[in-house]
C-alpha cells in the first residue's frame, strides 16, 4: 500500500516547548494518551469518498525508557488492492515541528507551508476512550493548481476493547443546535485560546443551512446535500463535506485557493449527541497558522 508521508513521519524531529492547554500537560504527555495496541484499517478514498483500497492494520505505540522514547510499530496486512503485508518500526523522543497535540490525545500533523506544486496535506486524529479515528486529507499540485487528490480514513479500536465502530454519517444526524467548547493552539507557541461556539444546522429537502457563532464570528452558509456529501458553493472557495463511515466527515476545498486563507477540517460523531471537529488553518501566504479542536454537544 502506498503510504502518505503524513501518516507516520519521524524525520526532522526536534525538541521544542510546544504549548499545551494547561500548565499540567506538556505536548509529550498529550502524545502518551495514544499509547496502546490499536487494531483497525486504513481505507483509501477518492476525492468523492469512493473506497479505492482497504488494508487491515495494527498500530502499536509503546513507551520506552520511562516513556521518554516512543516506539511505533505499524503492521499492514494484505490490502484489497493486492499489496503485500508490511511492517514498519519508528522510534522517537521528540515531536515533529508540524505536529500539535491536545490534552485529550487528539492531534494533527502535516504540511507547515502550502505549495501549489507536489503533495500537500495533513492528518487529523481523534481519540475517545478505546476508539481512534484519523483522517488524512491530501492535495496534489500540478500546473499551479492544487486539487484534492485522496483521503485515507483510519478507524481503530484498542486491542481487547468491546468498543465498536459508529454508523456512517448522514446529514440528518447533524441537524440541531450544537453547543461547543473550542481550544485553539498555535505552532508559534503563543498561549492557547478557549472559547464557546454555537452551531445551528437545519435541513429543508436537499438544502442544509448552518449558522456558526463564536466570539467575534457570525457565519451562515447553505449547502446542497447528496447521499455522500454536502456541497457548499457559495463564496469564492467551494467546499465539500464528505459523509464517511464511522461517523466521520472531511470538510475541505476541492481546489486550494490562491492568495487566500483556507482550512482543512475533519469531524467525528462520537455519539448521537456528541461531536468533535478539528480545523487546521492556513493563512493567505499558505503558512500553517493554528489548530482548533471543538467538542460539541447537541442541545436541541
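Every number here is computed from the coordinates shown, using simple stated rules; none is lab data. Everything quoted here is computed from the prediction, not taken from an experiment. Every residue, glycine as well, gets a Cβ built from its backbone with ideal geometry; the counts of neighbours run over all protein chains shown.
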## Note on the structure
With R₀ set to 35 angstrom, the calculated FRET efficiency between the beta-carbons of residue 218 and residue 283, to the nearest 0.05, is 0.95
### Message
How high is the relative contact order of the stretch 13-298? Use alpha-carbon pairs under 8 Å, at least six apart in sequence, and give a whole percent.
### Response
15
### Task
Classify the stretch 132-213 as rounded, prolate or oblate, taking a ≥ b ≥ c as the square roots of the eigenvalues of its Cα gyration tensor: rounded when a/c is under 1.5, otherwise prolate if a/b is larger than b/c and oblate if not.
rounded
### Message
Need the C-alpha centroid separation for the stretch 142-203 versus the stretch 231-300, integer Å.
### Response
7
### Per-residue [θ]222 nm for the chain (sum of -39500 (n - 2.57) over DSSP H runs n ≥ 4, rounded to 500)
-500 deg cm²/dmol
### Message
What does the C-alpha gyration tensor say about the overall shape of the stretch 42-158? Classify as rounded when a/c is under 1.5, otherwise prolate if a/b is larger than b/c, or oblate.
### Response
oblate
### Query
Once a ≥ b ≥ c are taken as the square roots of the eigenvalues of the Cα gyration tensor of the stretch 150-300, is the result rounded (a/c under 1.5), prolate (a/b larger than b/c) or oblate (a/b not larger than b/c)?
rounded
### Query
When only C-alpha pairs under 8 Å and at least 6 residues apart count, what is the relative contact order of the stretch 50-209, in percent?
11
### Along principal axes, Cα extents of the chain, largest first, whole Å
54, 47, 46
### Message
If I build a Gaussian network model for the chain, linking alpha-carbon pairs within less than 10 angstrom, which residue out of 35, 217, 242 has the largest mean-square fluctuation?
### Response
217
### Task
With a 10 Å radius around each residue's Cβ, average the other Cβ atoms per peptide and rank 89-101, 55-67, highest first.
89-101, 55-67
### Task
Give the relative contact order (percent, whole number) for the stretch 155-212; include only Cα pairs under 8 Å separated by 6+ residues.
26
